[in-house]
Amino acid sequence: MVTAASERTRDEAARFVARMDADAWSTADEAELQVWLAEDTLRQGLLLQVQAHWLALTPKAEELLAEPEPQDAGAAPTVVWRRRGVVAGIAASAVLAFGGLRWAQSPAAYATRLGEIRRLPLSDGSVMTMNSGSELTVTMAQQTRKVEITRGEAWFEVAKDAARPFVVASGDVRVRAVGTAFSVRRREMGVEILVTEGVVETWAEGGRGLRMRLEAGDRAMMSANAVIDYETGISSSVDRALAWRGGMIDLGGRTLYDAADEFNRYNSRQIIIADPRIAREQLDGLFRVNDPEGFADAVKASLGVSLDTSNPALIRIE
């Protein structure tokens, strides 16, 4: 039940968010916000919800970007949260809109560019982290929470809400969780699911009996008609596969072919394995996602291969 008091608190939260984006946030404003938050422990969650709705209402102005920053050689990349200011007219309209939404959110589309890693809070308190070159749509309804991945990969930290299951769809594959953390990646051969916390249930629409329960440390690759691959109790491998959340690639025994493919997900300068005889060589190491040159130099040193870097758009390993 929505009371006048709850509506008033929601409006107050919306005004705080609008002031944050007005590029005039001061220490006095911060002190006022902290006093407001301290009056009710539920206000922190409400403020996060309002911020998420704000993002949905101002998709061009709100982008949380992970843009490449100038870095010293050898330094690890940083994933940067950046909030861009919005004009006063949009701010006023958004504040008014919060009262009318009643938290029924229309589908919101998100996309990341090549090399971009983007972390976004959702209106239910969940957080999703999108990998490079990904596209998805988020729909928050009264009885369900749904994400549709059309391209790429995302990792989800799901807020617990037993009354509203959190379902991620990619093609015919579905993954459902209540409160857990997992990733979903759409590949050519199927959909890959990695679970880092809790339990998820996955199935294929229309696939008779094709249903699995995955726990933390499990990995599965599913298509519309089959379980292509399944591994359990591989927490360390799951963590290595998700090193991209921190802007890194952890090879951990992957083949040269797979490593090159992984670097190509993040960079316009593509790596080509010109000699198929070395494509299955296994490699270890931790690299920045935006450093294909450093990776190629490491391959040259460890395998004794030659590099052709004459083309600024390509690195040929021969």
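The values are calculated or read from the model by the stated rules, or taken from the named source; none is laboratory data. Predicted model only: the values in this text are computed from it and were never measured. With ideal geometry, Cβ positions are generated from the backbone for all residues, glycine too; neighbour counts draw on all protein chains shown. In case anyone asks, the SASA skips ligands and DNA or RNA and just uses the protein heavy atoms, side chains included. Shrake-Rupley method; radii C 1.70, N 1.55, O 1.52, S 1.80 Å.
Quick check: anything in region 301-308 small (Gly, Ala, Ser) and in contact with a Leu (Cβ under 9 Å, 6 or more places away or on another chain)? Yes, that holds for at least one residue.
Restricting attention to region 201-230, the residues that are assigned to a strand (DSSP E or B), of a type in the set (D, E, K, R) and open to solvent by 80 Å² or more (accessible area, probe 1.4 Å) total 3.
Residue by residue through region 139-151, note down the ones that are open to solvent by less than 10 Å² (accessible area, probe 1.4 Å) and within 16 Å of Arg186 (Cα to Cα). Within region 139-151, Val147, Ile149 meet the criteria. Considering region 41-58, and only residues there that are open to solvent by 60 Å² or more (accessible area, probe 1.4 Å) and either over 22 Å from Asp124 (Cβ atoms) or not polar (S, T, N, Q) (or both), the residue that is modelled with the lowest pLDDT turns out to be Leu57. If only residues of region 242-267 that are acidic (Asp, Glu) and either surrounded by 20 or more Cβ atoms within 10 Å (Cβ to Cβ) or touching a Lys or Arg at 6+ places or on another chain (Cβ under 8 Å) (or both) are counted, the one that is farthest from Ser132 (Cα to Cα) is Asp250.
Residues that are within 11 Å of Gly217 (Cα to Cα) and either part of a strand (DSSP E or B) or among the basic types (Lys, Arg) (or both) within region 183-199 comprise Ile193, Leu194, Val195, Thr196, Glu197, Val199, listed in sequence order. Only a single item in (1) within 16 Å of Arg187 (Cβ to Cβ); (2) not in a helix (DSSP H, G or I) is not met by Glu262, and it is number (2). Restricting attention to region 303-318, which residues are under 33 Å from the mean Cα position of the chain (by Cα) and either free of Cβ contacts under 8 Å to residues at least 60 places away in the same chain or surrounded by fewer than 16 Cβ atoms within 10 Å (Cβ to Cβ) (or both)? Matches in region 303-318: Thr309, Asn311, Pro312, Ala313, Leu314, Ile315, Arg316.
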